[in-house]
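Below: the structure, in structure tokens.
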Amino acid sequence: MSKAAFARMAPLLAIELADHDIRTAGIGDVPSLLRLIAELAEFENLTHLMTATEADLLESLFGPDPGAEALLLFPKGATAPVAFALFFHNYST
């Protein structure tokens, strides 16, 4: 998703993009991404169902045949992300 497309969605999400940066997740972001996924599982009271590991994310996002992509949201000047979007492409006829 382009930054422009995400910006169009921002009012729906109540995010002030002027105060945040969005970027594509890289290999070095896997620990932060896993942390955010774990925090979401905890919030949803679903930690007992969470099985993802760093190795799983590395394979799914950056392996030879990536099945998903992720975006990260950072407050301006921050080094740790505060939100993520993990998505996959699916096309069916």
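General remarks:
- The residues of the range 34-66 that are open to solvent by less than 40 Å² (accessible area, probe 1.4 Å) and touching a strand residue (DSSP E or B) at 6+ places or on another chain (Cβ under 9 Å), listed by number, are L36, I37, L57, L61.
- Residue count for the range 67-89 satisfying the condition of being open to solvent by 70 Å² or more (accessible area, probe 1.4 Å) and farther than 30 Å from A18 by Cα: 0.
- Of the residues making up the range 61-81, just one is closer than 18 Å to R35 by Cα, without any contact (Cβ under 8 Å) to a residue 12 or more places away in the chain and of a type outside the set (G, A, S), namely T79.
- Unique residue being hydrophobic (A, V, I, L, M, F, W, C) and in contact with a Gly (Cβ under 8 Å, 6 or more places away or on another chain) when the list is F84, F74, F88: F88
The values are calculated or read from the model by the stated rules, or taken from the named source; none is laboratory data. For clarity, every value in this text was computed on a predicted model and none was experimentally measured. Please note: Cβ atoms are built from the backbone with ideal geometry, for glycine as well, and neighbour counts cover all protein chains shown. Keep in mind that these areas ignore ligands, DNA and RNA; they rest on the heavy atoms of the full protein, side chains included. Shrake-Rupley method; radii C 1.70, N 1.55, O 1.52, S 1.80 Å.
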